[in-house]
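Take a look at the structure set out below.
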Amino acid sequence: MEKLRSKIIIEDYKNNFVYKKNDTNLNIQFNRVAFIFFIFFIIHLIYTIHLIHLGSRKPKLEMTDNFSTLSNKLYRADITDINGNYLAKTVKSIDIGIKTSEVIDKKKLLLSLKIIFPNKDFNKIEKKLNQKKYFYLEKKISEENYEKIMKLGDKSIKPEEKVLRIYPQKNLFSHIIGQIDDDNNGISGLEKSFDKILRKIKKPIKLTVDKDIQFLVRKELIKYQEIFKSKGSAAILMNVNNGNIVSLISLPDFNPNERQNITDVNFINRVTKGTYELGSVFKPLTFASALNEDLIKPETEFLDLPKSIRCDKHRIGEYDNKIPSDLTAEQILIRSGNIGSVRIAQLIGPEKHKSFLEKVGVLSSIDFDIDEVAPQKDYNFGKCKLATASFGHGVATTILQLAKGYAVISNGGYDVKPTLINKNSENKEKGNRLINKGVSEQVVTALRKIVNTEEGTAKFANVPNYEIGGKTGTADQPKDGSYSEAKINTFASIFPTSNPQYVFIVMLDTPQKAKDYYYKYRHQKGGWKGTLYNTAGWTSVEVVGKIMDKIGPILATKYLEIN
């Protein structure tokens, strides 16, 4: 019995020992689980910190729909036409570069990039990874791909914020808007002259120009530049009462999106920068100057006018020997008489006529919205200069200055400042009166007769219902102290003559005869094939007439809506 009890005690002892051993194993297993949990916690913590870092970095470059968070250094205000159509717009983009020295796993990176950009040539990308220190993977990246590539968390991926200045209308307003350089600085046009303002203001700058009108005018200019094989051409359409420019075109033009360094002088802005002897378009100014001095009336007669006169060594003759010797002052203008214009100017005198031409802006410096404006030469008006200036030779000016002069002599005689910037002004008061009351009405009446009478030189511009009046100008271009056969053909028009609203000028540089072009007469049935003469009446006038066919209905509709 004693033995049996001893055996039971020993067995109980063994059982207790086993229990303690099992308890120790449980502790060891628990410690291992805790250690593994701690490791996972640390990994999770590191990953969370990394995500927070990426999250804090992303908003700096986050692409938004309106890109309203551009830095002050890169920002430029938008530019629109009178109807709100964008002519220049700033948008933000992001370029993605790769700094190869910071790539940890090339294979993994390439695999990830293939998923995001399946259409790229990854053979080239792999070569760049091996050969270059830095290269651009994707320029102007989409918002969707930007988010994908940033989620990779690869520190070798370098996003760079860029600003794009885009010109949705391409060539259409190139000479007005101009360009910026790669450093976001304006280098021509409004981009240059309004550079500081465009960096500061938050609202778009609204211009006076009309995209639809500009498109139609440019389309016809391009068409007729090809027909007449001209070296270049220009057109300006301006409100005679407030100076608002509806359209301004110079050909050839350029695409400002391409940021070209243009050095060819043929790309000059022919409206503002080109200076030309414009010929007989000066004759209405001579007529107006004499009327303003009360030296003539439209019916004043000039009798026994010679076919030619001499001034020093130079001979001045008529362009057409069929012009009668006895003409009234108005008939001299309608028939475009050179000798008669000289006689009118001689009544005025050099000082007074020069003063008049400066006063109306044709021969005085002009303050304009863009910097590309030619300086005006100060001419010494002597006897011969007075004579040649009376019919537009020997003095040079810009199309812009001519437009201002025609606005003044047709709007009642009031000063006007040509502008491209819409002022949104409700003030309809006229500017300072520059010429006497009644002069404009007499000039406009004569200009209308140049277009709608048989004796006039601009019958091809007699578009029904628009009451166009105007004056042709054909001038030989100066060359090496003399004159060449190359011509500047201009037609300066105003309309409607019953209540002048617009001045419209078209100039063709060195046009040629068009033997296959068919002229359809507006004033009678039939037409004529081939350009008879290389003069403004057969070139610039025809262009104005065709353009008015296109833009007249639009202008008339808008005018009726406004009034």
- [ ] Keeping to the stretch 331-366, report how many residues are more than 15 Å from Asn292 (Cβ to Cβ) and either touching a residue at least 24 places away in the same chain (Cβ under 8 Å) or in contact with a Phe, Trp or Tyr (Cβ under 7 Å, 6 or more places away or on another chain) (or both).
- [x] 17
TODO: Take Val439 and decide whether it is of a type in the set (A, V, I, L, M) and either more than 18 Å from Ala492 (Cβ to Cβ) or in contact with a strand residue (DSSP E or B) (Cβ under 9 Å, 6 or more places away or on another chain) (or both).
DONE: no
Open item on the list: Regarding the stretch 368-390, can at least one residue be identified that is more than 30 Å from Thr208 (Cα to Cα), surrounded by 24 or more Cβ atoms within 10 Å (Cβ to Cβ) and in contact with a strand residue (DSSP E or B) (Cβ under 7 Å, 6 or more places away or on another chain)?
Closed with: yes
Open item on the list: Taking the conditions exactly as written (more than 13 Å from the chain's Cα centre (by Cα) and closer than 29 Å to Ile435 by Cβ), does Asn244 satisfy them or not?
Closed with: yes
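Name the helices (runs of 4 or more DSSP H) wholly within the stretch 155-204 that hold at least 2 residues that are free of Cβ contacts under 8 Å to residues at least 60 places away in the same chain and in the same structural domain as Ile96 (by TED's automatic domain parsing)?
Working: elements: 174-177, 189-193, 195-200.
Hits in the stretch 155-204: 195-200.
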Open item on the list: Please go through the stretch 426-463 and give me each residue that is assigned to a loop (DSSP other than H, G, I, E, B), under 20 Å from Leu237 (Cβ atoms) and either in contact with a Phe, Trp or Tyr (Cβ under 7 Å, 6 or more places away or on another chain) or polar (S, T, N, Q) (or both), ordered by number.
Closed with: Gly431, Ala458, Asn462
Open item on the list: Condition check: assigned to a loop (DSSP other than H, G, I, E, B), under 24 Å from Leu278 (Cα atoms) and assigned by TED's automatic domain parsing to the domain that holds Asn489. Does Lys223 satisfy that?
Closed with: no
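Any idea which of Gln376, Gln401 is outside any loop (DSSP other than H, G, I, E, B), of a type outside the set (Asp, Glu) and touching a residue at least 12 places away in the same chain (Cβ under 8 Å)?
On the way: Gln376 fails: outside any loop (DSSP other than H, G, I, E, B).
Gln401 is the lone residue from the list that is outside any loop (DSSP other than H, G, I, E, B), of a type outside the set (Asp, Glu) and touching a residue at least 12 places away in the same chain (Cβ under 8 Å).
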Open item on the list: Can you name every one of the strands (runs of 3 or more DSSP E) wholly within the stretch 479-563 that holds 1 or more residues which are in the same structural domain as Tyr319 (by TED's automatic domain parsing), at pLDDT below 95 and of a type outside the set (A, V, I, L, M)?
Closed with: 482-495, 518-520, 527-529
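Matching residues to (1) assigned by TED's automatic domain parsing to the domain that holds Glu318; (2) modelled with pLDDT of 95 or more; (3) among the hydroxyl-bearing types (Ser, Thr, Tyr):
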| site | (1), (2), (3) |
| --- | --- |
| Gly382 | yes, no, no |
| Gly392 | yes, yes, no |
| Thr397 | yes, yes, yes |
| Ala403 | yes, yes, no |
| Tyr406 | yes, yes, yes |
| Ser410 | yes, yes, yes |
| Asp415 | yes, yes, no |
| Thr419 | yes, yes, yes |
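Take the residues of the stretch 106-145 that are assigned to a loop (DSSP other than H, G, I, E, B) and surrounded by 11 or more Cβ atoms within 10 Å (Cβ to Cβ): which is modelled with the lowest pLDDT? Break it down stepwise before answering.
Restricting attention to the stretch 106-145, the residues satisfying the condition of being assigned to a loop (DSSP other than H, G, I, E, B) are 117-121, 132-133, 139-142.
Then drop every residue that is not surrounded by 11 or more Cβ atoms within 10 Å (Cβ to Cβ), which leaves 117, 120, 132, 139-142.
Details: Phe117: 94, Lys120: 92, Lys132: 92, Lys139: 87, Lys140: 84, Ile141: 89, Ser142: 87.
For the stretch 106-145, the residue satisfying everything is Lys140.
Here are Lys162, Lys192, Lys219, Lys158: which of them is touching an Asp or Glu at 6+ places or on another chain (Cβ under 9 Å), at pLDDT 95 or above and basic (Lys, Arg)? It would help to see each step written out before you state the result.
Values: Lys162 fails: at pLDDT 95 or above; Lys219 fails: touching an Asp or Glu at 6+ places or on another chain (Cβ under 9 Å); Lys158 fails: at pLDDT 95 or above.
It is Lys192.
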- [ ] Give the residues of the stretch 388-406 that are more than 23 Å from the chain's Cα centre (by Cα) and among the β-branched types (Val, Ile, Thr), sorted by residue number.
- [x] Thr388, Val395
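Which is under 22 Å from Phe495 (Cβ atoms) and not acidic (Asp, Glu), of Phe282, Phe267? Please lay out each step first, then the result.
Numbers: Phe267 fails: under 22 Å from Phe495 (Cβ atoms).
Checking each option against the conditions leaves just Phe282.
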Open item on the list: Can you pull out every residue in the stretch 513-538 that is among the small types (Gly, Ala, Ser) and under 31 Å from the mean Cα position of the chain (by Cα)?
Closed with: Ala514, Ala536, Gly537
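The values are calculated or read from the model by the stated rules, or taken from the named source; none is laboratory data. What you see is a predicted model; the values in this text were computed from it and never measured. All Cβ positions, glycine included, derive from the backbone under ideal geometry; neighbour counts span all protein chains shown.
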